[in-house]
Amino acid sequence: MSKNKSGFTMDFTKFEKDFNRIVKDAIPKEAGKGLFKAGNELLRDGIKVKPYAPFDKGDLRGSARVNNAEVTNGKISVDAGFNIEYAAKLHELTPAQDSKTSWTLPGSGRKYLESKMSMFKNKYMKIAADHIKGSAK
């Protein structure tokens, strides 16, 4: 007695090929674009949220830059910051040196970006995730 089989079969070969391409190419590129957006939000927060990026003549804020994301070897990274020599010097101040500094903008101080990355990490990741989600529509 033979068994009757019912049902249907589907060939997912094309889907798997396209899906692999999306996972390897499209998603990392879109994640990079999302991280670029998040980097811009980080700089905005560095200026608008305490501790503020210092302000004297505007040179520091004018140097704000977010580079396009790099997607290499399964890693996605974005370089965002204030591209001026004294930005690094301000960042490296010790708390003691910071307390003796006369900031021209009240509420400004050292680690004005690092503190935002800690405070708003979930916000920045959501920006990147929402971009990826929106690009899939």
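Say we look at the stretch 83-125 and pick out the residues that are assigned to a loop (DSSP other than H, G, I, E, B), farther than 17 Å from ASP59 by Cβ and hydrophobic (A, V, I, L, M, F, W, C); which of these is farthest from the chain's Cα centre (by Cα)?
Top of the filtered list is LEU93.
Looking at the stretch 99-116, I want the residues that are touching a residue at least 60 places away in the same chain (Cβ under 8 Å) and at negative phi and have a partner that is in a strand (DSSP E or B) and surrounded by 13 or more Cβ atoms within 10 Å (Cβ to Cβ) with Cβ atoms under 7 Å, at least 6 apart or on another chain. Which pairs are those?
Pairs that qualify, where the first residue is touching a residue at least 60 places away in the same chain (Cβ under 8 Å) and at negative phi and the partner is in a strand (DSSP E or B) and surrounded by 13 or more Cβ atoms within 10 Å (Cβ to Cβ), are TYR112/TYR52; LEU113/GLY81.
Considering only residues that are among the basic types (Lys, Arg) and modelled with pLDDT of 90 or more, look in the stretch 37-73 and name the one that is nearest to ALA26 (Cα to Cα). Write out each step before concluding.
So the first thing to find is which residues in the stretch 37-73 are among the basic types (Lys, Arg), and the list is 37, 44, 48, 50, 57, 61, 65.
Right, trim to modelled with pLDDT of 90 or more and you get 37, 44, 48, 50, 65.
On the way: LYS37: 17, ARG44: 27, LYS48: 33, LYS50: 36, ARG65: 25 Å.
For the stretch 37-73, the residue satisfying everything is LYS37.
I'd like to verify a number: residues in the stretch 27-73 that are surrounded by fewer than 17 Cβ atoms within 10 Å (Cβ to Cβ), in a loop (DSSP other than H, G, I, E, B) and more than 16 Å from the chain's Cα centre (by Cα), how many?
Residues meeting the conditions: 8.
Tell me whether the stretch 16-26 contains one or more residues that are surrounded by 18 or more Cβ atoms within 10 Å (Cβ to Cβ), among the aliphatic types (A, V, I, L, M), at pLDDT below 90 and out of contact with any Cys (no Cβ under 6 Å at 6 or more places or on another chain). Talk me through it step by step, then tell me what you get.
Start the filter on the stretch 16-26 by keeping residues that are surrounded by 18 or more Cβ atoms within 10 Å (Cβ to Cβ), which leaves none.
So far as the stretch 16-26 goes, no, none of its residues is surrounded by 18 or more Cβ atoms within 10 Å (Cβ to Cβ), among the aliphatic types (A, V, I, L, M), at pLDDT below 90 and out of contact with any Cys (no Cβ under 6 Å at 6 or more places or on another chain).
Consider ALA128 against the criteria (1) out of contact with any Lys or Arg (no Cβ under 8 Å at 6 or more places or on another chain); (2) touching a residue at least 24 places away in the same chain (Cβ under 8 Å); (3) farther than 21 Å from ASP59 by Cα; (4) not basic (Lys, Arg): it satisfies all of them except one. Which criterion is unmet?
Among (1) out of contact with any Lys or Arg (no Cβ under 8 Å at 6 or more places or on another chain); (2) touching a residue at least 24 places away in the same chain (Cβ under 8 Å); (3) farther than 21 Å from ASP59 by Cα; (4) not basic (Lys, Arg), ALA128 violates only (1).
The values are calculated or read from the model by the stated rules, or taken from the named source; none is laboratory data. Since this is a predicted model, take the numbers as computed values, not measurements. Cβ atoms come from the backbone with ideal geometry, glycine included; neighbour counts cover every protein chain shown.
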